[in-house]
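Below: the structure, in C-alpha coordinates.
The values are calculated or read from the model by the stated rules, or taken from the named source; none is laboratory data. Since we're looking at a predicted model, the values are computed, not measured. When we count neighbours, we look across all protein chains shown, and the Cβ atoms used for this are built from the backbone with ideal geometry, even at glycine.
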Amino acid sequence: MGIAFTPEQIAFREAIDEFAARECGTLEQRHKLTAEGTEPTNMDIMRKLGELGWTGVSIEEEYGGAGGNVVDQTIFLEGISRGMIPATGFGTTAIVQGAYQRHGTEDQKKNILGGICEGNVEAIVMSEPGSGSDVGSLQCRAEKVDGGYVINGQKTWCSNAQVSANILTIVRTDTSGSKHEGITMLGIPAGTEGMEIRPIPTLAGPHEVNDIFLTDCFVPDEALLGEEGGGWMQLMTGLNSERMILSAMYLGIAQRAFDDTLKYVKEREQFGRPIGSFQALKHRIADMATELECLRLLIYDIAQQIDEDPTRVFAKEASMAKLKSTEVAKYISLEGMQMMGGYGYALEYDMEKHVRAGLVGTIFAGTSEIQREIIGATLGL
Ligand SMILES: Cc1cc2nc3c(=O)[nH]c(=O)nc-3n(C[C@H](O)[C@H](O)[C@H](O)COP(=O)(O)OP(=O)(O)OC[C@H]3O[C@@H](n4cnc5c(N)ncnc54)[C@H](O)[C@@H]3O)c2cc1C
(Lines give C-alpha, C1' and ligand atoms only; values in the text may rest on other atoms or scores of the structure.)
Protein backbone atom coordinates (compact mmCIF):
# COMPACT_ATOMS: atom_id res chain seq x y z
CA MET A 1 0.00 0.00 0.00
CA GLY A 2 1.43 3.43 -0.97
CA ILE A 3 1.01 6.73 0.81
CA ALA A 4 -2.57 7.95 0.43
CA PHE A 5 -2.20 11.73 0.48
CA THR A 6 -5.32 13.85 0.06
CA PRO A 7 -5.36 16.51 -2.69
CA GLU A 8 -4.97 19.14 0.07
CA GLN A 9 -1.88 17.38 1.41
CA ILE A 10 -0.34 17.19 -2.05
CA ALA A 11 -1.02 20.92 -2.52
CA PHE A 12 0.46 21.64 0.93
CA ARG A 13 3.63 19.77 0.04
CA GLU A 14 3.95 21.73 -3.20
CA ALA A 15 3.35 25.03 -1.41
CA ILE A 16 6.18 24.28 1.04
CA ASP A 17 8.52 23.48 -1.86
CA GLU A 18 7.54 26.75 -3.55
CA PHE A 19 8.16 28.68 -0.31
CA ALA A 20 11.59 27.06 0.00
CA ALA A 21 12.50 27.83 -3.60
CA ARG A 22 11.43 31.46 -3.20
CA GLU A 23 12.82 32.24 0.25
CA CYS A 24 15.94 30.09 0.48
CA GLY A 25 16.42 28.42 -2.88
CA THR A 26 19.99 29.62 -3.37
CA LEU A 27 23.06 29.09 -1.23
CA GLU A 28 23.43 32.87 -1.05
CA GLN A 29 19.90 33.26 0.38
CA ARG A 30 20.49 30.46 2.87
CA HIS A 31 23.78 31.96 4.04
CA LYS A 32 22.15 35.35 4.52
CA LEU A 33 19.26 33.91 6.54
CA THR A 34 21.44 31.68 8.72
CA ALA A 35 24.49 33.85 9.50
CA GLU A 36 26.63 31.79 7.12
CA GLY A 37 25.01 28.52 8.14
CA THR A 38 25.50 28.96 11.89
CA GLU A 39 21.96 29.99 12.94
CA PRO A 40 19.52 27.17 12.14
CA THR A 41 16.40 29.22 12.87
CA ASN A 42 15.56 32.59 11.39
CA MET A 43 12.76 34.29 13.31
CA ASP A 44 11.55 36.32 10.29
CA ILE A 45 11.08 33.05 8.42
CA MET A 46 9.28 31.57 11.46
CA ARG A 47 6.87 34.55 11.46
CA LYS A 48 6.22 34.12 7.73
CA LEU A 49 5.48 30.44 8.28
CA GLY A 50 3.16 31.49 11.11
CA GLU A 51 1.33 33.97 8.85
CA LEU A 52 0.79 31.20 6.31
CA GLY A 53 -0.85 29.15 9.05
CA TRP A 54 1.79 26.41 8.79
CA THR A 55 3.37 26.54 12.25
CA GLY A 56 -0.11 25.82 13.60
CA VAL A 57 -0.72 23.04 11.08
CA SER A 58 -1.66 20.48 13.75
CA ILE A 59 -3.02 22.87 16.38
CA GLU A 60 -6.74 23.02 17.08
CA GLU A 61 -8.62 25.81 15.29
CA GLU A 62 -9.83 27.29 18.61
CA TYR A 63 -6.20 28.22 19.43
CA GLY A 64 -5.54 29.68 15.99
CA GLY A 65 -4.29 26.56 14.21
CA ALA A 66 -5.31 24.74 11.05
CA GLY A 67 -6.63 21.66 12.89
CA GLY A 68 -4.54 19.22 10.86
CA ASN A 69 -3.36 15.75 11.80
CA VAL A 70 -0.05 13.93 12.25
CA VAL A 71 0.36 13.31 8.51
CA ASP A 72 -0.07 17.06 7.87
CA GLN A 73 2.55 17.86 10.50
CA THR A 74 4.88 15.23 9.05
CA ILE A 75 4.56 16.81 5.59
CA PHE A 76 5.49 20.20 7.06
CA LEU A 77 8.45 18.90 9.07
CA GLU A 78 9.78 16.92 6.13
CA GLY A 79 9.33 19.96 3.88
CA ILE A 80 11.29 22.27 6.20
CA SER A 81 14.31 19.93 6.07
CA ARG A 82 14.00 19.03 2.41
CA GLY A 83 13.78 22.71 1.49
CA MET A 84 16.54 23.69 3.95
CA ILE A 85 14.15 26.31 5.34
CA PRO A 86 15.89 27.94 8.32
CA ALA A 87 13.11 26.95 10.72
CA THR A 88 14.79 24.03 12.47
CA GLY A 89 13.40 25.40 15.73
CA PHE A 90 10.02 24.09 14.66
CA GLY A 91 11.22 20.61 15.71
CA THR A 92 11.40 21.32 19.44
CA THR A 93 8.39 23.60 19.06
CA ALA A 94 6.29 20.71 17.77
CA ILE A 95 7.47 18.56 20.69
CA VAL A 96 6.44 21.23 23.22
CA GLN A 97 3.17 21.74 21.34
CA GLY A 98 2.30 18.09 21.90
CA ALA A 99 3.04 18.34 25.63
CA TYR A 100 0.69 21.33 26.02
CA GLN A 101 -2.01 19.74 23.86
CA ARG A 102 -1.94 16.69 26.13
CA HIS A 103 -1.48 18.30 29.55
CA GLY A 104 -2.00 22.08 29.31
CA THR A 105 -4.69 24.12 31.03
CA GLU A 106 -6.97 26.24 28.88
CA ASP A 107 -4.91 29.37 29.62
CA GLN A 108 -1.64 27.59 28.84
CA LYS A 109 -3.03 26.32 25.55
CA LYS A 110 -4.19 29.79 24.55
CA ASN A 111 -0.80 31.23 25.42
CA ILE A 112 1.64 28.55 24.17
CA LEU A 113 -0.32 27.08 21.26
CA GLY A 114 -1.49 30.55 20.21
CA GLY A 115 2.14 31.74 20.22
CA ILE A 116 3.27 28.76 18.13
CA CYS A 117 0.59 29.60 15.54
CA GLU A 118 2.22 33.03 15.24
CA GLY A 119 5.66 31.52 14.71
CA ASN A 120 7.06 31.35 18.25
CA VAL A 121 9.81 28.83 18.88
CA GLU A 122 9.65 26.64 22.00
CA ALA A 123 12.39 24.52 23.59
CA ILE A 124 12.40 21.54 25.94
CA VAL A 125 15.21 20.36 28.17
CA MET A 126 15.55 17.10 30.04
CA SER A 127 19.30 16.52 29.75
CA GLU A 128 21.81 17.41 32.44
CA PRO A 129 25.58 16.98 32.61
CA GLY A 130 25.10 13.74 34.57
CA SER A 131 21.83 12.62 32.91
CA GLY A 132 21.87 11.80 29.22
CA SER A 133 20.37 8.49 28.09
CA ASP A 134 19.34 7.88 31.70
CA VAL A 135 16.87 10.77 31.77
CA GLY A 136 15.26 9.55 35.00
CA SER A 137 18.45 10.30 36.95
CA LEU A 138 18.00 14.07 36.53
CA GLN A 139 18.83 16.20 39.58
CA CYS A 140 17.90 19.82 38.79
CA ARG A 141 15.77 20.79 41.79
CA ALA A 142 12.59 22.87 42.07
CA GLU A 143 11.33 23.71 45.57
CA LYS A 144 7.66 24.50 46.08
CA VAL A 145 7.30 27.95 47.66
CA ASP A 146 4.36 30.22 48.21
CA GLY A 147 2.89 31.02 44.78
CA GLY A 148 5.33 29.03 42.68
CA TYR A 149 8.65 27.17 42.44
CA VAL A 150 12.30 28.11 42.91
CA ILE A 151 14.63 26.21 40.58
CA ASN A 152 18.34 25.53 41.11
CA GLY A 153 20.63 23.40 38.98
CA GLN A 154 22.02 22.95 35.51
CA LYS A 155 20.39 21.64 32.36
CA THR A 156 22.33 21.06 29.17
CA TRP A 157 22.02 20.38 25.44
CA CYS A 158 18.93 22.57 25.05
CA SER A 159 18.29 23.03 21.33
CA ASN A 160 16.95 26.40 20.19
CA ALA A 161 16.88 27.97 23.69
CA GLN A 162 18.46 31.13 22.24
CA VAL A 163 15.37 31.87 20.13
CA SER A 164 12.65 30.29 22.27
CA ALA A 165 9.74 32.06 23.92
CA ASN A 166 9.80 29.51 26.79
CA ILE A 167 11.89 26.56 27.87
CA LEU A 168 9.91 23.58 29.09
CA THR A 169 12.26 22.40 31.82
CA ILE A 170 12.09 18.97 33.42
CA VAL A 171 12.98 19.20 37.11
CA ARG A 172 12.82 17.19 40.31
CA THR A 173 10.32 18.38 42.91
CA ASP A 174 10.58 15.39 45.23
CA THR A 175 13.47 13.08 46.06
CA SER A 176 11.68 10.73 48.45
CA GLY A 177 10.45 8.15 45.92
CA SER A 178 11.95 6.15 43.07
CA LYS A 179 13.87 8.00 40.37
CA HIS A 180 10.81 8.14 38.13
CA GLU A 181 8.72 9.78 40.83
CA GLY A 182 8.95 13.45 41.76
CA ILE A 183 9.69 14.65 38.22
CA THR A 184 7.84 17.79 37.12
CA MET A 185 7.52 19.92 33.99
CA LEU A 186 7.84 23.69 34.37
CA GLY A 187 7.62 26.24 31.54
CA ILE A 188 10.18 29.01 32.05
CA PRO A 189 9.62 32.13 29.91
CA ALA A 190 12.68 33.56 28.13
CA GLY A 191 14.34 36.28 30.15
CA THR A 192 13.23 34.98 33.55
CA GLU A 193 15.56 36.19 36.27
CA GLY A 194 17.88 33.42 37.47
CA MET A 195 17.99 31.59 34.13
CA GLU A 196 21.19 31.96 32.12
CA ILE A 197 21.49 30.51 28.62
CA ARG A 198 25.03 29.80 27.43
CA PRO A 199 25.75 28.43 23.95
CA ILE A 200 27.70 25.19 23.54
CA PRO A 201 29.94 25.34 20.45
CA THR A 202 29.37 22.27 18.26
CA LEU A 203 30.14 21.08 14.74
CA ALA A 204 27.12 23.12 13.64
CA GLY A 205 28.50 26.34 15.15
CA PRO A 206 27.67 28.45 18.20
CA HIS A 207 23.84 28.53 17.92
CA GLU A 208 22.70 24.94 17.96
CA VAL A 209 22.47 23.94 21.62
CA ASN A 210 22.83 25.56 25.02
CA ASP A 211 23.62 25.04 28.66
CA ILE A 212 20.94 26.40 30.99
CA PHE A 213 22.03 27.57 34.43
CA LEU A 214 19.24 28.05 36.98
CA THR A 215 20.01 29.98 40.14
CA ASP A 216 17.13 30.75 42.52
CA CYS A 217 14.97 31.02 39.42
CA PHE A 218 11.37 31.70 40.46
CA VAL A 219 8.40 30.68 38.30
CA PRO A 220 4.76 31.11 39.35
CA ASP A 221 2.34 28.18 39.89
CA GLU A 222 1.00 28.75 36.36
CA ALA A 223 4.34 27.47 35.01
CA LEU A 224 3.44 23.93 36.09
CA LEU A 225 2.50 21.73 33.13
CA GLY A 226 0.29 18.80 34.08
CA GLU A 227 0.76 17.23 37.47
CA GLU A 228 3.46 18.02 39.99
CA GLY A 229 5.45 14.79 40.29
CA GLY A 230 3.74 13.32 37.22
CA GLY A 231 6.40 14.47 34.77
CA TRP A 232 7.86 11.05 34.01
CA MET A 233 4.58 9.63 32.73
CA GLN A 234 3.94 12.85 30.83
CA LEU A 235 7.38 12.54 29.22
CA MET A 236 6.77 8.91 28.32
CA THR A 237 3.41 9.64 26.68
CA GLY A 238 5.13 12.30 24.55
CA LEU A 239 8.14 10.29 23.46
CA ASN A 240 6.38 8.61 20.55
CA SER A 241 5.30 11.94 19.16
CA GLU A 242 8.81 13.38 19.75
CA ARG A 243 10.38 10.52 17.80
CA MET A 244 7.95 10.93 14.91
CA ILE A 245 8.69 14.66 14.73
CA LEU A 246 12.44 14.05 14.49
CA SER A 247 11.90 11.19 12.04
CA ALA A 248 9.97 13.48 9.71
CA MET A 249 12.77 16.05 9.86
CA TYR A 250 15.37 13.37 9.15
CA LEU A 251 13.36 12.02 6.23
CA GLY A 252 13.63 15.52 4.78
CA ILE A 253 17.38 15.68 5.40
CA ALA A 254 17.87 12.25 3.80
CA GLN A 255 15.77 13.27 0.79
CA ARG A 256 17.68 16.53 0.30
CA ALA A 257 21.06 14.80 0.65
CA PHE A 258 19.91 12.27 -1.94
CA ASP A 259 18.57 14.92 -4.35
CA ASP A 260 21.80 16.93 -4.09
CA THR A 261 23.89 13.81 -4.69
CA LEU A 262 21.88 12.71 -7.71
CA LYS A 263 22.06 16.16 -9.28
CA TYR A 264 25.81 16.29 -8.77
CA VAL A 265 26.65 12.84 -10.15
CA LYS A 266 24.62 13.59 -13.26
CA GLU A 267 26.40 16.89 -13.88
CA ARG A 268 29.98 16.16 -12.86
CA GLU A 269 32.05 14.56 -15.63
CA GLN A 270 35.34 12.70 -15.27
CA PHE A 271 37.02 10.46 -17.85
CA GLY A 272 34.64 11.97 -20.41
CA ARG A 273 31.34 10.87 -18.81
CA PRO A 274 29.05 11.74 -15.89
CA ILE A 275 30.43 10.13 -12.74
CA GLY A 276 26.97 8.72 -11.94
CA SER A 277 27.29 6.47 -14.97
CA PHE A 278 30.15 4.54 -13.35
CA GLN A 279 28.68 1.36 -11.94
CA ALA A 280 30.56 1.87 -8.67
CA LEU A 281 28.43 4.95 -8.04
CA LYS A 282 25.26 3.98 -9.91
CA HIS A 283 24.66 0.88 -7.79
CA ARG A 284 25.22 2.77 -4.56
CA ILE A 285 22.80 5.49 -5.72
CA ALA A 286 20.26 2.73 -6.40
CA ASP A 287 20.75 1.43 -2.84
CA MET A 288 20.34 4.95 -1.43
CA ALA A 289 17.10 5.45 -3.41
CA THR A 290 15.78 2.12 -2.14
CA GLU A 291 16.58 2.93 1.49
CA LEU A 292 14.93 6.31 1.09
CA GLU A 293 11.76 4.81 -0.36
CA CYS A 294 11.56 2.30 2.52
CA LEU A 295 12.04 5.13 5.00
CA ARG A 296 9.33 7.28 3.41
CA LEU A 297 6.82 4.42 3.49
CA LEU A 298 7.69 3.62 7.12
CA ILE A 299 7.31 7.19 8.35
CA TYR A 300 4.05 7.97 6.59
CA ASP A 301 2.60 4.56 7.38
CA ILE A 302 3.19 5.14 11.11
CA ALA A 303 1.87 8.71 10.87
CA GLN A 304 -1.31 7.41 9.21
CA GLN A 305 -1.69 4.70 11.86
CA ILE A 306 -1.39 7.31 14.63
CA ASP A 307 -4.10 9.41 12.95
CA GLU A 308 -6.35 6.36 12.74
CA ASP A 309 -5.88 5.51 16.43
CA PRO A 310 -4.41 8.45 18.40
CA THR A 311 -4.86 6.67 21.75
CA ARG A 312 -2.66 3.68 20.87
CA VAL A 313 0.96 3.71 22.09
CA PHE A 314 3.36 3.25 19.17
CA ALA A 315 6.52 2.63 21.18
CA LYS A 316 8.12 0.09 18.84
CA GLU A 317 7.12 1.86 15.63
CA ALA A 318 8.21 5.32 16.81
CA SER A 319 11.62 3.99 17.89
CA MET A 320 11.98 2.21 14.55
CA ALA A 321 11.17 5.46 12.76
CA LYS A 322 13.74 7.43 14.81
CA LEU A 323 16.39 4.75 14.34
CA LYS A 324 15.81 4.26 10.62
CA SER A 325 15.40 7.92 9.66
CA THR A 326 18.56 9.11 11.39
CA GLU A 327 20.68 6.16 10.29
CA VAL A 328 19.49 6.54 6.67
CA ALA A 329 20.16 10.29 6.71
CA LYS A 330 23.67 9.66 8.03
CA TYR A 331 24.32 6.93 5.47
CA ILE A 332 23.03 8.93 2.50
CA SER A 333 24.83 12.14 3.45
CA LEU A 334 28.15 10.36 3.98
CA GLU A 335 27.75 8.54 0.68
CA GLY A 336 26.85 11.88 -0.92
CA MET A 337 30.00 13.49 0.42
CA GLN A 338 32.14 10.62 -0.88
CA MET A 339 30.51 10.80 -4.31
CA MET A 340 31.02 14.56 -4.54
CA GLY A 341 34.71 14.18 -3.84
CA GLY A 342 36.38 17.35 -2.57
CA TYR A 343 33.30 19.43 -3.40
CA GLY A 344 31.24 17.44 -0.90
CA TYR A 345 33.66 18.58 1.78
CA ALA A 346 33.66 22.24 0.69
CA LEU A 347 31.47 24.87 2.35
CA GLU A 348 30.28 26.11 -1.05
CA TYR A 349 27.99 23.06 -1.27
CA ASP A 350 25.31 21.90 1.19
CA MET A 351 26.52 18.32 1.52
CA GLU A 352 28.76 19.05 4.50
CA LYS A 353 25.69 20.46 6.32
CA HIS A 354 23.73 17.29 5.57
CA VAL A 355 26.64 15.26 6.96
CA ARG A 356 26.77 17.32 10.16
CA ALA A 357 23.01 16.96 10.62
CA GLY A 358 23.28 13.26 9.82
CA LEU A 359 26.03 12.70 12.37
CA VAL A 360 24.10 14.14 15.30
CA GLY A 361 20.69 12.65 14.48
CA THR A 362 21.70 9.23 15.78
CA ILE A 363 22.81 10.84 19.06
CA PHE A 364 20.09 13.20 20.27
CA ALA A 365 16.57 12.42 21.47
CA GLY A 366 17.61 8.89 22.41
CA THR A 367 20.66 7.45 20.66
CA SER A 368 20.42 4.64 18.11
CA GLU A 369 21.59 2.26 20.84
CA ILE A 370 18.72 3.34 23.09
CA GLN A 371 16.18 2.99 20.23
CA ARG A 372 17.45 -0.56 19.65
CA GLU A 373 17.07 -1.24 23.39
CA ILE A 374 13.44 -0.09 23.23
CA ILE A 375 12.68 -2.08 20.08
CA GLY A 376 14.33 -5.13 21.63
CA ALA A 377 12.25 -4.74 24.80
CA THR A 378 9.01 -4.58 22.79
CA LEU A 379 10.06 -7.90 21.23
CA GLY A 380 10.34 -9.44 24.70
CA LEU A 381 14.15 -9.29 24.88
C1 LIG B 1 22.87 18.62 19.06
C2 LIG B 1 22.15 18.09 20.28
C3 LIG B 1 20.90 18.58 20.59
C4 LIG B 1 20.24 18.14 21.73
N5 LIG B 1 19.06 18.70 22.07
C6 LIG B 1 18.48 18.37 23.26
C7 LIG B 1 17.31 19.07 23.72
O8 LIG B 1 16.79 19.97 23.04
N9 LIG B 1 16.81 18.74 24.93
C10 LIG B 1 17.37 17.78 25.72
O11 LIG B 1 16.85 17.51 26.81
N12 LIG B 1 18.49 17.10 25.31
C13 LIG B 1 19.04 17.37 24.09
N14 LIG B 1 20.17 16.73 23.67
C15 LIG B 1 20.75 15.70 24.53
C16 LIG B 1 20.63 14.32 23.94
O17 LIG B 1 19.31 13.86 24.02
C18 LIG B 1 21.65 13.41 24.63
O19 LIG B 1 22.93 13.82 24.15
C20 LIG B 1 21.43 11.96 24.32
O21 LIG B 1 20.23 11.51 24.93
C22 LIG B 1 22.59 11.09 24.81
O23 LIG B 1 23.00 11.44 26.12
P24 LIG B 1 24.57 11.71 26.38
O25 LIG B 1 25.06 12.62 25.34
O26 LIG B 1 24.72 12.11 27.80
O27 LIG B 1 25.25 10.30 26.15
P28 LIG B 1 25.30 9.06 27.18
O29 LIG B 1 23.95 8.78 27.71
O30 LIG B 1 26.40 9.29 28.13
O31 LIG B 1 25.69 7.89 26.18
C32 LIG B 1 27.02 7.73 25.68
C33 LIG B 1 27.04 6.47 24.81
O34 LIG B 1 26.66 5.32 25.61
C35 LIG B 1 25.56 4.66 25.00
N36 LIG B 1 24.64 4.16 26.02
C37 LIG B 1 24.20 4.78 27.13
N38 LIG B 1 23.35 3.99 27.81
C39 LIG B 1 23.24 2.84 27.10
C40 LIG B 1 22.51 1.64 27.27
N41 LIG B 1 21.67 1.45 28.30
N42 LIG B 1 22.63 0.67 26.32
C43 LIG B 1 23.45 0.85 25.26
N44 LIG B 1 24.17 1.97 25.05
C45 LIG B 1 24.06 2.95 25.95
C46 LIG B 1 24.86 5.75 24.15
O47 LIG B 1 24.09 5.17 23.11
C48 LIG B 1 26.05 6.54 23.64
O49 LIG B 1 26.59 5.92 22.52
C50 LIG B 1 20.83 17.15 22.53
C51 LIG B 1 22.09 16.63 22.19
C52 LIG B 1 22.74 17.11 21.08
C53 LIG B 1 24.10 16.56 20.76
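Once the stretch 302-348 is narrowed to residues that are closer than 14 Å to SER241 by Cα and of a type in the set (Asp, Glu), the residue that is farthest from the chain's Cα centre (by Cα) is ASP309. Among residues of the stretch 346-372 that are among the hydrophobic types (A, V, I, L, M, F, W, C), those with a Cβ under 8 angstrom from a residue that is surrounded by fewer than 18 Cβ atoms within 10 Å (Cβ to Cβ) and in a loop (DSSP other than H, G, I, E, B), sequence gap 6+ or separate chain, pair up as LEU359/LEU203; VAL360/LEU203; ILE370/SER133.
Scanning the stretch 212-237 for residues that are over 17 Å from CYS158 (Cα atoms) and either within 16 Å of the chain's Cα centre (by Cα) or modelled with pLDDT under 95 (or both) turns up MET236, THR237. GLY119 meets the stated requirement of being small (Gly, Ala, Ser), closer than 24 Å to ALA357 by Cβ and more than 12 Å from the ligand (Cβ to nearest atom).
Does any residue of the stretch 196-206 turn out to be in contact with a helix residue (DSSP H, G or I) (Cβ under 7 Å, 6 or more places away or on another chain), of a type outside the set (A, V, I, L, M, F, W, C) and under 20 Å from GLN139 (Cβ atoms)? No.
Given the structure, is GLY191 at positive phi and out of contact with any Phe, Trp or Tyr (no Cβ under 9 Å at 6 or more places or on another chain)? If you could, list the steps in order and put the result at the bottom.
Numbers: at positive phi: yes; out of contact with any Phe, Trp or Tyr (no Cβ under 9 Å at 6 or more places or on another chain): yes.
It is true that GLY191 is at positive phi and out of contact with any Phe, Trp or Tyr (no Cβ under 9 Å at 6 or more places or on another chain).
Exactly one residue out of ARG47, ARG30 is closer than 25 Å to GLN162 by Cα, assigned to a helix (DSSP H, G or I) and in contact with a Cys (Cβ under 8 Å, 6 or more places away or on another chain): that is ARG30.
Residue-by-condition table, conditions (1) over 23 Å from ILE59 (Cα atoms); (2) not aliphatic (A, V, I, L, M):
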position	(1), (2)
LYS282	yes, yes
ALA289	yes, no
ILE302	no, no
LYS316	yes, yes
LYS324	yes, yes
LEU334	yes, no
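Listed by position, the strands (runs of 3 or more DSSP E) contained in the stretch 103-185 that have at least 3 residues being under 25 Å from PHE90 (Cα atoms) are 121-125, 148-159, 164-172. Counting only helices (runs of 4 or more DSSP H) wholly contained in the stretch 280-381, the ones carrying 2 or more residues that are within 16 Å of the ligand (Cβ to nearest atom) occupy 315-339, 351-361, 368-378.
Tell me, yes or no, whether the stretch 124-132 has at least one residue that is touching a residue at least 60 places away in the same chain (Cβ under 8 Å) and either within 16 Å of the ligand (Cβ to nearest atom) or farther than 21 Å from SER247 by Cβ (or both). Give the derivation first.
Here is the first cut: in the stretch 124-132, the ones touching a residue at least 60 places away in the same chain (Cβ under 8 Å) are 125-126.
Next, only the ones that are either within 16 Å of the ligand (Cβ to nearest atom) or farther than 21 Å from SER247 by Cβ (or both) stay: 125-126.
Within the stretch 124-132, one or more residues are touching a residue at least 60 places away in the same chain (Cβ under 8 Å) and either within 16 Å of the ligand (Cβ to nearest atom) or farther than 21 Å from SER247 by Cβ (or both).
From the list ILE10, ILE59, ILE45, the lone residue that is surrounded by fewer than 19 Cβ atoms within 10 Å (Cβ to Cβ) and without any contact (Cβ under 8 Å) to a residue 60 or more places away in the chain is ILE10.
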